[in-house]
1. Over the Cα atoms of segment 54-116, what Rg and Dmax result, in angstrom?
2. Suppose the chain between Val131 and Arg27 were pulled fully straight at 0.36 nm per residue; how much longer would it get relative to their current alpha carbon spacing?
3. Sorting check: for 20-29, 139-148, which peptide has the highest mean count of neighbouring beta carbons within 10 Å, and how do the rest follow?
4. List Ile113, Ile30 from most exposed to least, where exposure is judged by having the fewest other Cβ atoms within 10 Å.
5. If contacts are Cα pairs under 8 angstrom and at least 6 residues apart, what is the relative contact order of segment 54-116 in percent?
6. Can you tell me the order of 64-71, 81-88 when each peptide is scored by its average per-residue count of other Cβ atoms within 10 angstrom, highest first?
Amino acid sequence: MLATTDRCSVPVRLVNLASSPRKIKKRAHIATGERLVGTEIINEDVEALQSNECYAFNQPLPPHLKDLYERSAGSVRSDEEKREMKDFLCEYADVFSRNAADIGQTSIVKHEILVNDHPPIKQRPRRMPAVKRAEAERAIQDMQSNGIIERSTSP
């Protein structure tokens, strides 16, 4: 089990990915937990996450985080806060994308999509406006070359 509790609530950490602040009221319902069915937890990966090695203080900032640090440091007042921010970025450098194609993946949970005996959904293709075709082709090629998607021969 990834989370066990004798109460009806599980503590969670939230990340605001929006460009503006969000307020969450105390006792707000933010998620629904469900029992995982047909999953397999890879123990080695869970252990690696739990033993997350901390980076040493005053370690150089990884290149992919320099821009983020410089943009964020302007709003931080004290040198102590800037050092803490830098240490934080160094410690969690592995969770930040290195480029636009670095979308991440996990091997902690394996899952299946159960479709039972439902027939495939079939729809007529829709035409894409000519001005968007070149951009769509470029995006598809980028995703194929980065291993995000693969060519399909489904009906």
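1. Rg, Dmax (Cα atoms, Å): 16.6, 59.
2. Net length gain for the segment: 32.7 nm.
3. On the way: 20-29: 6.3, 139-148: 11.8.
So the order, starting with the most tightly packed, is 139-148, 20-29.
4. So the residues, fewest neighbours to most, are Ile113, Ile30.
5. Details: 27 pairs, mean separation 25.7, N = 63.
It rounds to 41 percent for segment 54-116.
6. 81-88, 64-71
Values in this text are rule-based calculations from the coordinates and carry no lab data. On a predicted model such as this, the values are computed, not experimentally measured, just so you know. Note: ideal-geometry Cβ built from the backbone for every residue, glycine included; neighbour counts use all protein chains shown.
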